[in-house]
1. For region 515-531, what are the residues that are open to solvent by 10 Å² or more (accessible area, probe 1.4 Å) and out of contact with any Phe, Trp or Tyr (no Cβ under 8 Å at 6 or more places or on another chain)?
2. Hey, can you tell me all the residues within region 134-185 that are of a type in the set (Asp, Glu) and in contact with a Leu (Cβ under 7 Å, 6 or more places away or on another chain)?
3. In region 165-177, which residues are within 23 Å of Asp202 (Cβ to Cβ) and open to solvent by 30 Å² or more (accessible area, probe 1.4 Å)?
4. Give region 150-173 a look and list any residue that's of a type in the set (A, V, I, L, M) and at pLDDT 90 or above, or say none.
5. Pull up region 457-494, narrow it to residues that are among the hydroxyl-bearing types (Ser, Thr, Tyr) and touching a residue at least 40 places away in the same chain (Cβ under 8 Å), then point me to the one that is most open to solvent (accessible area, probe 1.4 Å).
6. If a residue must be in contact (Cβ under 8 Å) with a residue 24 or more places away in the chain and exposed (fewer than 13 other Cβ atoms within 10 Å of the Cβ), how many such residues does region 607-618 contain?
7. Of the residues Thr144, Thr135, Thr154, Thr158, which is open to solvent by 10 Å² or more (accessible area, probe 1.4 Å), free of Cβ contacts under 8 Å to residues at least 24 places away in the same chain, polar (S, T, N, Q) and in contact with a Gly (Cβ under 6 Å, 6 or more places away or on another chain)?
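The values are calculated or read from the model by the stated rules, or taken from the named source; none is laboratory data. These figures come from a predicted structure and were not determined experimentally. Using ideal geometry, Cβ is built from the backbone for each residue, glycine included, and neighbour counts are taken over all protein chains shown. Keep in mind that these areas ignore ligands, DNA and RNA; they rest on the heavy atoms of the full protein, side chains included. Shrake-Rupley method; radii C 1.70, N 1.55, O 1.52, S 1.80 Å.
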Amino acid sequence: MDNQRIVVFVTFKKTIKIMKLTVLMLAICLSQVVAATYAQTAKLNVSAKNETLENVLKQIEKQSEFLFFYNLEEINKNEKISITKKNANIQDVLDAIAMKTGLKYTIKDRHIVLTNETSSPIIASTQQERKVTGTVSDAFGPITGANIIQKGTTNGTTTDMDGNYSIEVPDGAILQISFIGYIQQDIAVKGKNVINVLLKEDTQALEEVVVVGYGTMKKKDLTGAVASVKMDDTPVGTVSTISHALAGKAAGLQVSAVSAQPGGGTNFRIRGAASVNASNDPLIIIDGFPVSAPNEDKIKTGKYSSGTTDNILASINPNDIESIEVLKDASSTAIYGARAGNGVILITTKKGSKKDGFGIRYSGNFTWTAIGETLDMQRRYGQGHIDTKDAKTAVYDKTDSGSWGPVLDGSMKEAWNGETYAYSNYGDKLKDYFDTGFSHTHNVSISNGTEKSHFRTSFGYSDNDGVFPTESLSRVNADLNAGTELNKWVSMDGKISLSRTKADNRPLYGDYGAISQLMRIPNNVRLDDLKQYSDETHAHVNWTGPTASIRNPYYVLHQRQNSDERWRAFGYYSMKINFTDWLHLSAKYAFDYYRTRVQSTNAGDGINGEANTSMITNDSMDRSEENFFESNAEVILMGDRQLTDNFRLGFNVGGNF
């Protein structure tokens, strides 16, 4: 509960009549008498050690229907107290608080008023609800959808099409009226039934600069649909790629990971999917130039059939990003043509600045990962089948591949491997198979800026061991950015980024994946017995079979292995010529290059009774390499001049090649 309530106090002077004095004394006596049945029957458990008074009162409110009222000018809500009460009524708890703080209390039904020793005698007046109506408008007329909230509560409403609202609040409430792009106003009700509000524009928010395709603009001049994400408000230190940090940060942008595996691909959808067959992926722009995502088909399916899927944002160190803009409509994305038909995610990276000066910064984090939840599977029956002669009878058979056997009763039975042990449920296979994942990330940057030059260099390293045995991913990022102003007419800027991503044994799906095989194992089969997936006479040992669809999950891990390595380089060089203080020419050249090498091995199925691996004939190895290079040149003539007090001319003319 919020502690900033307005309580009406009525103070009586010594010259009051005898009748009023009698009423006053009765009110004071209420501090020692329980006034209602609820106060007598409600039981509380309060435990606090060196906690603030505010937290103790909130603890009471959470487990009861009592509400506390007090004057912040009289009561120190941050005073530390220790109290322990079990199965106690409210008066016992309040007596303990009073002993610690010296406060007095008044219980009136479910309302409790706190005062200090020096306060004048008071009578708590329960505030009456009041219906407040009014209109919210700005300089141009009514505002639709403005928010009206009672301060400190969830009680609120919004204005209708004509800017009108209606809300019921206590007499002493404070209304908070707000709308995007306007300065919030706090207005005390103070007995008023009609409150009309005139909101003023938040000029600071409107002056905020956002990045668009052809440069930067102030929000007040922007006509397209653009969502801006500032990285200062994004927890980049707790995510492996910037893709995860974008989730829920921009309206209209849907971010969904196709896999929870380290480095797993991510789908981006801006205002939903526009096509069933064609690509729905937005265009990624880094520092003004488009980059391409490799292996797009694998990203969409998430099957890792050849071992690799990674999105372009995984090649960027999250700590190197300054801001991200999401361009959502046709007018915002028009400069990029057909490639931007599904929207644009525009990324601006950091540079050295005079404001920050010279600095060396380090950030790092360590993360442990464990399986949190698995599929809810039956744990009552074990290996076996239904008797063909009696459908009500289940028969145990150590060679059966199904869990249609008798109820797991703990009786001693011979298992699939010849050992005899209890016919019981042996753990959750979908949890016990996996390891505890561990990852650590380290980032170092050096930057400086002066009046006429800037530079920033950074280095990032991350290493991730997944929950699947032998699964790993490592990434190295290096970035250098520098610029200088040669004179008042010419300035130059350049950047080079290099990244290397190396992954080993990304898990597969389907019959060649461990999860599919784990789901088939009967409850009475011990997972530890399967870790020895071969012996002197069998290359592939399993609890049944093995067959094309039923394999040992540890053999699957050994049978198919994969690795992939990607080097990526991105950079640009730009020059800006200032003809006048309002006319500029900008020329840029950028390149994007990556090389991906993938290797996968198949040791063979071993399902035909092969005695050892040398007898397996369907083993194989595949290698592939993908090289990609794209370059872009851009020339833009930009003008921005204030012609009169009420008229300004701005234009951009240019092209991209």
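1. Met519, Arg520, Asp528
2. So the first thing to find is which residues in region 134-185 are of a type in the set (Asp, Glu), and the list is 138, 160, 162, 168, 171.
Matches in region 134-185: Asp138 only.
3. Correct list: Ile174, Gln176.
4. So in region 150-173, the residues of a type in the set (A, V, I, L, M) come out as 161, 167, 169, 173.
Within region 150-173, just Ile167 meets the criteria.
5. Just the residues of region 457-494 that are among the hydroxyl-bearing types (Ser, Thr, Tyr), to begin with: 457-458, 461-462, 470, 472, 474, 484, 491.
Checking which are touching a residue at least 40 places away in the same chain (Cβ under 8 Å) leaves us with 458, 462, 470, 472, 491.
Values: Ser458: 9, Ser462: 25, Thr470: 86, Ser472: 31, Ser491: 32 Å².
The residue in question is Thr470.
6. Residues of region 607-618 in contact (Cβ under 8 Å) with a residue 24 or more places away in the chain: 607, 609-613, 615-616.
Now drop any that are not exposed (fewer than 13 other Cβ atoms within 10 Å of the Cβ), which leaves 609, 615.
Selection size over region 607-618: 2.
7. On the way: Thr144 fails: in contact with a Gly (Cβ under 6 Å, 6 or more places away or on another chain); Thr135 fails: free of Cβ contacts under 8 Å to residues at least 24 places away in the same chain; Thr154 fails: in contact with a Gly (Cβ under 6 Å, 6 or more places away or on another chain).
Unique residue meeting the criteria: Thr158.
Conditions tested, residue by residue: (1) of a type outside the set (Gly, Ala, Ser); (2) open to solvent by 40 Å² or more (accessible area, probe 1.4 Å).
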{"residue": "Ser586", "(1), (2)": "no, no"}
{"residue": "Asp592", "(1), (2)": "yes, no"}
{"residue": "Asp605", "(1), (2)": "yes, no"}
{"residue": "Ser620", "(1), (2)": "no, yes"}
{"residue": "Asn652", "(1), (2)": "yes, yes"}
